[in-house]
1. What's the local net charge at E42, with K and R +1, D and E -1, over the other residues with C-beta under 14 Å away?
2. Mind checking the log10 I(q)/I(0) for segment 67-163 at q = 0.13 Å⁻¹? Debye, one equal scatterer per Cα, no solvent, two decimals.
3. Kindly rank 26-32, 149-155, 170-176, 130-136 from highest to lowest mean number of other beta carbons found within 10 Å of each residue.
4. Over segment 45-102, with a single point scatterer placed on each C-alpha, what log10 of the ratio I(q)/I(0) does the Debye formula yield at q = 0.22, 0.26 1/Å?
5. Could you please put S139, S158, S164 in sequence from largest to smallest accessible area, using a 1.4 Å probe?
6. Using just the helices of the chain, give the 222 nm mean residue ellipticity in deg cm²/dmol: DSSP H runs with n ≥ 4 each add -39,500 (n - 2.57), and the total is spread over all residues, rounded to 500.
7. Can you work out the Karplus-derived ³J(HN,Hα) for every residue in segment 115-130? Use 6.51 cos²θ - 1.76 cosθ + 1.60 with θ = phi - 60°, whole Hz, and x for glycine or proline.
8. Spin-label point model (7 Å from Cα, Cβ direction): what's the A72 to E120 distance in nm?
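The values are calculated or read from the model by the stated rules, or taken from the named source; none is laboratory data. Bear in mind that the values here come from a model prediction, so they are computed numbers and not experimental data. Virtual Cβ from ideal backbone geometry, glycine too; neighbours counted across all protein chains shown. All accessible areas refer to the heavy atoms of the entire protein, side chains included, with ligands and DNA or RNA removed. Shrake-Rupley method; radii C 1.70, N 1.55, O 1.52, S 1.80 Å.
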Amino acid sequence: MNAQEARRAGRALFEVTQPRGEARPTLDALLAFGQLLDQHAELRDALLSPFVSSEAKRAIVNEVTGLESMPAAARQMLRVLAEQHQVDGLAPMTRELKTLVHRQERRVDAEVTTAVPLTEAQLAQLREALSQATGQQVSLSSRVDPAVIGGAVTRVGSVVYDGSLARQLARMKEQFVQQG
């Protein structure tokens with residue numbers, strides 16, 4: 001499955017599930033299954049293998065997802081992807097579905113990178129500030145990278161705000177080089 005097909009599949013899945021109020025549960029289920037694939041290479045290999053029969057793949061998907069716990073649309077999509085040896089299309093398809101669900105929910109993903117871990121209070125304060133700035137709910141994740149030195153690099157959707165000490169030092173260096 002190429003990227004365009006994956007986006008189309010994500011949009012189709014949204015169009016089918018959204019009117020029934022199942023878009024968010026479907027997305028959550030597919031994200032959870034994607035994490036399973038990332039954590040268990042043998043599961044991924046089995047579902048991608050042309051040597052594993054469609055019936056066996058269907059049984060694997062049923063076993064892993066549980067017959068009652070996963071929305072029907074998600075389970076059916078996983079069966080189709082497995083039977084067609086297209087499980088590698090799950091991630092880009094899920095990204096498209098996530099974009100559409102988040103747009104509907106007025107939600108945006110954000111990631112903050114700092115040199116040291118932030119406390120829960122600091123994360124809550126940052127989440128609130130970003131929510132006010134964007135006018136949307138913010139799902140905030142954090143990462144530690146000592147190369148940041150100080151300050152923070154925050155990505156909200158596709159926009160990056162670089163308030164790191166490393167970036168400020170780089171700017172100062174550029175200014176010194178330009179001034180001669």
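1. Details: positive: R44, K57; negative: D38, D45, E63.
Spelling it out: positives minus negatives among the neighbours equals -1.
2. -0.63
3. Taking the mean over residues of other Cβ atoms within 10 Å, the ranking is 26-32, 149-155, 130-136, 170-176.
4. Reported log10 I(q)/I(0), two decimals: -0.85, -1.06.
5. Details: S139 35, S158 115, S164 5 Å².
These residues rank, largest area first, as S158, S139, S164.
6. Taken over the chain, the calculation gives -19500 deg cm²/dmol.
7. Karplus-based 3J(HN,Hα) across segment 115-130 equals 6, 10, x, 8, 6, 4, 5, 5, 5, 5, 5, 5, 4, 5, 5, 5 Hz.
8. The two pseudo-label positions are separated by 3.9 nm.
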